[in-house]
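To keep things clear, I will list the structure first and then write my remarks on it.
The values are calculated or read from the model by the stated rules, or taken from the named source; none is laboratory data. Being a predicted model, the structure only gives us computed values, none of them experimental. Cβ coordinates were reconstructed from backbone atoms using ideal geometry, including for glycine residues, and neighbour counts include every protein chain displayed.
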Amino acid sequence: MSDYEDKPQPLIEHLMELRTRLMWAIGAFFVAFVGCFFFAKQLFNLLVVPYKWAVVWAGLDLSKSELIYTAPQEFFFTQVKVAMFGALVIAFPVIASQIYKFVAPGLYKNERSAFLPFLIASPILFLMGGALVYFFFTPMVMWFFLAMQQAGGDGDVAISLLPRVSEYLSLIMTLVLSFGLVFQLPVITTLLARVGLLTSSWLREKRKYAIVIAFIVAAILTPPDPMSQIGLAIPTILLYEISIYAARLVERKRREDSETAESSSEVAETDKA
């Protein structure tokens, strides 16, 4: 017998089920948070690697580069944020599975089978966006900022970049979350296409508006420099094109299923005759 039966349940049972799922999700997050906080410094050092790459790209002395904190409690709370960020990433599969188990009883079997691929694709796309930030985008942005330094001499004062640990973490977390959410665009549009709320032709018609919106969203989500904004806007536009293609595939599959159903119906009527 299936674990998810399509049968009505009283409100109190729904609330009890919700409480159980929340307890599992919160428990997974708490356990992951404790583990990540124990290794918070190592995790932060891992996040600093793109900054080191940028220092090397800028031709600066890596041994003289540093990050600072200006308040006694700043680095402690930075480690707390790192642990929370890491815990959310590690516990996401458990959290997503609990959400699915809570929603699944209200879905038909074909809806569950259609929903599962998107549940798998979503974290993969998020990790792809995060990897793009870590290996390419953050080093590029930090190189841009480091290149603005002034050595001093000949009457000029020396201007050096001394990033604060909290501000650097805030920057990289903002970029990871922004790119991770933008990379969900194909999943969202494909789901909307499956339920008939979007079509590939409509997406093509709105392409010019999508490009403008992509740059506006990039300007809101990223730091106020052109490289960050362009770096987010361009992948967004590419993902929009992928979304159009995905919507076209969904429509093709729907037509094929409809033609198959019609052929089966005609064969059945012929057999009866």
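Here Ile234 meets the list (1) modelled with pLDDT under 85; (2) within 21 Å of Phe135 (Cβ to Cβ); (3) of a type in the set (Val, Ile, Thr) almost entirely, failing just condition (1). Among the residues of the stretch 225-264, those identified as buried (at least 20 other Cβ atoms within 10 Å of the Cβ) and hydroxyl-bearing (Ser, Thr, Tyr) are Ser228, Thr236, Tyr240, Ser243.
Restricting the search to the stretch 176-198, which residues are of a type in the set (S, T, N, Q) and either buried (at least 20 other Cβ atoms within 10 Å of the Cβ) or at pLDDT below 85 (or both)? Break it down stepwise before answering.
Taking the stretch 176-198 as the starting set, the residues that turn out to be of a type in the set (S, T, N, Q) are 178, 184, 189-190.
Passing the criteria: Ser178, Thr189, Thr190.
Would the stretch 96-116 turn up any residue that is modelled with pLDDT of 80 or more, of a type in the set (A, V, I, L, M), surrounded by 15 or more Cβ atoms within 10 Å (Cβ to Cβ) and assigned to a helix (DSSP H, G or I)? Within the stretch 96-116, one or more residues are modelled with pLDDT of 80 or more, of a type in the set (A, V, I, L, M), surrounded by 15 or more Cβ atoms within 10 Å (Cβ to Cβ) and assigned to a helix (DSSP H, G or I). Being assigned to a helix (DSSP H, G or I), farther than 22 Å from Lys52 by Cβ and either among the aromatic types (Phe, Trp, Tyr) or within 17 Å of the chain's Cα centre (by Cα) (or both): is that true of Val176 here? Judged against the criteria, Val176 is not a match.
Candidates are the residues of the stretch 182-202 that are hydrophobic (A, V, I, L, M, F, W, C) and part of a helix (DSSP H, G or I); the one that is nearest to the chain's Cα centre (by Cα) is Val182. Number of residues in the stretch 150-169 that are in contact (Cβ under 8 Å) with a residue 24 or more places away in the chain, not aromatic (Phe, Trp, Tyr) and not in a strand (DSSP E or B) equals 5.
Say whether the condition of being closer than 27 Å to Leu88 by Cα and hydroxyl-bearing (Ser, Thr, Tyr) is met by at least one residue in the stretch 191-204. Break it down into steps so the answer makes sense when it comes.
Going residue by residue through the stretch 191-204, those that are closer than 27 Å to Leu88 by Cα are 191-192.
When the remaining residues are screened for being hydroxyl-bearing (Ser, Thr, Tyr), the result is none.
No, the stretch 191-204 has no match at all.
For the stretch 5-55, the candidate set comprises residues that are surrounded by 14 or more Cβ atoms within 10 Å (Cβ to Cβ) and among the basic types (Lys, Arg); within that set, the residue that is modelled with the highest pLDDT is Lys52. In the stretch 56-73, is there at least one residue being out of contact with any Pro (no Cβ under 8 Å at 6 or more places or on another chain), in contact (Cβ under 8 Å) with a residue 12 or more places away in the chain, in a helix (DSSP H, G or I) and not aromatic (Phe, Trp, Tyr)? Scanning the stretch 56-73, I find no residue that is out of contact with any Pro (no Cβ under 8 Å at 6 or more places or on another chain), in contact (Cβ under 8 Å) with a residue 12 or more places away in the chain, in a helix (DSSP H, G or I) and not aromatic (Phe, Trp, Tyr), so the answer is no. The test for being under 26 Å from Gly231 (Cα atoms) and touching a residue at least 60 places away in the same chain (Cβ under 8 Å) holds for Val82.
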